[in-house]
1. Restricting attention to region 492-504, does a residue exist that is among the charged types (D, E, K, R), open to solvent by 10 Å² or more (accessible area, probe 1.4 Å) and either in contact with a Cys (Cβ under 9 Å, 6 or more places away or on another chain) or more than 23 Å from Ile579 (Cβ to Cβ) (or both)?
2. Do we have any residue at all in region 413-430 that's aliphatic (A, V, I, L, M), touching a Lys or Arg at 6+ places or on another chain (Cβ under 9 Å) and surrounded by 24 or more Cβ atoms within 10 Å (Cβ to Cβ)?
3. Against the conditions (1) surrounded by fewer than 22 Cβ atoms within 10 Å (Cβ to Cβ); (2) under 30 Å from Val143 (Cα atoms), where does Pro523 fall short? Just the number, please.
4. Out of Leu593, Leu583, report the one residue that is free of Cβ contacts under 8 Å to residues at least 12 places away in the same chain and either within 25 Å of the chain's Cα centre (by Cα) or open to solvent by 20 Å² or more (accessible area, probe 1.4 Å) (or both).
5. Looking at Thr431, Thr365, which one is touching a residue at least 60 places away in the same chain (Cβ under 8 Å) and touching a Pro at 6+ places or on another chain (Cβ under 7 Å)?
6. For region 257-275, which positions are assigned to a loop (DSSP other than H, G, I, E, B), of a type in the set (Phe, Trp, Tyr) and surrounded by 18 or more Cβ atoms within 10 Å (Cβ to Cβ)?
7. Only residues in region 410-426 that are of a type in the set (A, V, I, L, M) count as the first member; pair them with residues that are open to solvent by 50 Å² or more (accessible area, probe 1.4 Å), Cβ under 6 angstrom, at least 6 apart or cross-chain, and list the lot.
8. Take the residues of region 111-154 that are among the small types (Gly, Ala, Ser) and touching a Phe, Trp or Tyr at 6+ places or on another chain (Cβ under 6 Å): which is most open to solvent (accessible area, probe 1.4 Å)?
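The values are calculated or read from the model by the stated rules, or taken from the named source; none is laboratory data. On a predicted model such as this, the values are computed, not experimentally measured, just so you know. Don't worry about glycine lacking a Cβ; one is built from the backbone with ideal geometry, like all the others, and counts go over all protein chains shown. The accessibility values were calculated without ligands, DNA or RNA, using every heavy atom of the protein model including side chains. Shrake-Rupley method; radii C 1.70, N 1.55, O 1.52, S 1.80 Å.
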Amino acid sequence: MSSERVEEKIPWIPLIALLLVFCFFGPVWVLMLPSGAPAWYSPGRTACHLPLLSGAYLFVILAALIGRIGPMRDRVNAAVLTYLFVVGASAGYVGTFDSFPVVDWYIPLICDRFIDPSSAEKYWPWFFAPRTEIAEQIVHGGVAIPWAEWLPTIVFWGTVYSLFSLLFASVTSILRRGWIEIEKIPFPQGMVGYGIIEALSPGETGSRKLGTPFKVGVVLGIVLQVPLFLQYAFPWFPDIYGWRTNTCLTGAHYISAGHPLGWIAAFGTFQKNPIYAAVFYLAPLSILFSASVFWLMVVILMQIAYTMGYYTGITELDGCGRFWCGDNTFWRGEPFKWLAFTNVGMALGIVLSYVIIYRNYLVETFKAAIGRLPSNYLAKIEENEPMSYRAAYALAALSFILLVVLWMLCDISLPVSVMMVLGVLIFNMATIRVFGLTGLKVPTGGNNAHVLLWAVLPQTPEAVTREWMISTALSKYALGDGLCKGCAHVMFGNFDGWRVASRTGVSSRNVFKVALVSAVIAPFLSQAGFVWACYTFGLARLPTGSPYIYSYTAGWANPQTTMMSPTPPPWWPHALAGIVFTLVLGYLRSRFLWFPLHPLGLLVVTDQWAAHTGLWSTFVAAWIAKLLTLRIGGSKAYEEYGVPAVIGFIVGFVIIGLIGGIVLLIRFFIPF
């Protein structure tokens, strides 16, 4: 497939039509699925917090198949498929659960109005959620939708998400040349997108044929998914893969108390679903090797600590309890306090390490923005950029200022507003860099972005104020985990889209436009779809929506929980150690090419979500598979057999996920 730039108009009419339908009905689809099913059978994003960009892949697959039909052959090409991938990657968050608006902060915040009206009145401004009488209507529905009452809430949260999308889009524009062209960060899920386009694009000359490895991969993906779906949907279907025994929603197997390996303090879960290993197979071998080595080191270190009196009682807990139950756990317990070391310290270290190592690139872009570079050189480096560096920096500054002003309108002071936006920006940038290198969205938010607020707010105030509640609750969870909850999703569309476009020849400017438009439309329309579904069916009747009927102030926004986050104090020495560890290993890798250990190897096995999901086992499996591929057949075998097989596996996986979702959707209306 040609890598020359494709200069053509963006097909805005079909793209906008797709966005309107998907963003409105995506949340409706998710709400109708049985509780837990959206993790694997959503139209937008699956595989929990990995996340797998299923919607982006499905848009490409379905359009490629349509493009093989007679008159459509000339209308569907690599450029169109690239735009569809970008739409799915940018707006896919509205078509899954645990992401806006079907998420455990937005719905509970609305429910606060009638579950805990006094706290709602004290902490949440009137435009955060409708008044009590209106908010309560979503539980049972059955009345006319008072759109005028809902409009302020829809506009406010839509504006918050749009401004963050603008901020992240402009920052990614500044970093694009460095990450995509200079460093050549792989973005494995972007590689999957391009592989699907290359394999299925109709009428393309020189494209990869549907060879045997790809076909075998598709079959294997189907063979995995079909029994899993059938045993989930029908209790009478045999549990072929043992998924009904000690298996979490994520596919992690947790050990029971008294397990033969239960004496190992760090061993609580291992991951059984190979979809994770399939994505990690496309990650750099150095990270896979480092993850395997660091996991072994973590096991040894924690076992030594256990024998010294730490983690008391942890071996008497089952696998999940070793992470969730109490403070003396894998995440929060002394002496390592991995939540502080990894999710806070290493996240800050990733950003700081990048700024230090690539400071010359950042200085160059800033000089370009202020007109301090020769015009001919400036024209050369900006040739393939989505916009000029001057425009990108101006857009970033403008969106940052507008977000600060927006939070100040919510009774938050200037210093706190600044730190709030800065924290969300820094921790989400760390996450997208890790995602670009591994295909995994870590560090997981929920215990990191709010820590910067402790520089301007007391961690344990005598009285919880509206300013403290809003800034900590939203930074900690709703916005700090923006690549999960949605406010930073435009970075998937941009970076993974640019990775695809670098092979299909689509201009980075067009990718930027499509990603930003998608990200701006999604939060407004998805809220409208959510409201419509609640009034039409009733939130209490919607299987995925009803579990969210609880108080936000008593849930994820609980002040007592926030005061002990990321871990019981003191946590800052562990966070500092995480920063130093990341900087030292980053320096060693940049200084000595032979140095084998990558700091992200530790991050991806001790991160909050990755640890309790047991992803260490899939990193080990991916490392062994990739190492054997390269040792036996070299890079040729990897490119011609390994990569096509993995892409085919993911294709089979997401196709059955879509079919399963449709079946479950039908069952909402026609039980069977």
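1. Within region 492-504, the subset among the charged types (D, E, K, R) is 496, 499, 503.
This time we only want the ones that are open to solvent by 10 Å² or more (accessible area, probe 1.4 Å), so: 499, 503.
From what is left, the residues that are either in contact with a Cys (Cβ under 9 Å, 6 or more places away or on another chain) or more than 23 Å from Ile579 (Cβ to Cβ) (or both) are 499, 503.
Yes, because at least one residue in region 492-504 is among the charged types (D, E, K, R), open to solvent by 10 Å² or more (accessible area, probe 1.4 Å) and either in contact with a Cys (Cβ under 9 Å, 6 or more places away or on another chain) or more than 23 Å from Ile579 (Cβ to Cβ) (or both).
2. Residues of region 413-430 aliphatic (A, V, I, L, M): 414, 416, 418-422, 424-426, 429-430.
In the following step, the residues that additionally are touching a Lys or Arg at 6+ places or on another chain (Cβ under 9 Å) were identified as none.
No, that holds for no residue.
3. (1)
4. Values: Leu583 fails: free of Cβ contacts under 8 Å to residues at least 12 places away in the same chain.
Result of the check over Leu593, Leu583: Leu593.
5. Values: Thr365 fails: touching a Pro at 6+ places or on another chain (Cβ under 7 Å).
Result: Thr431 is the single residue among Thr431, Thr365 that is touching a residue at least 60 places away in the same chain (Cβ under 8 Å) and touching a Pro at 6+ places or on another chain (Cβ under 7 Å).
6. Phe267
7. Qualifying pairs under 6 Å: Val416/Val456; Met419/Val456.
8. Among residues in region 111-154 that are among the small types (Gly, Ala, Ser) and touching a Phe, Trp or Tyr at 6+ places or on another chain (Cβ under 6 Å), the one most open to solvent (accessible area, probe 1.4 Å) is Gly141.
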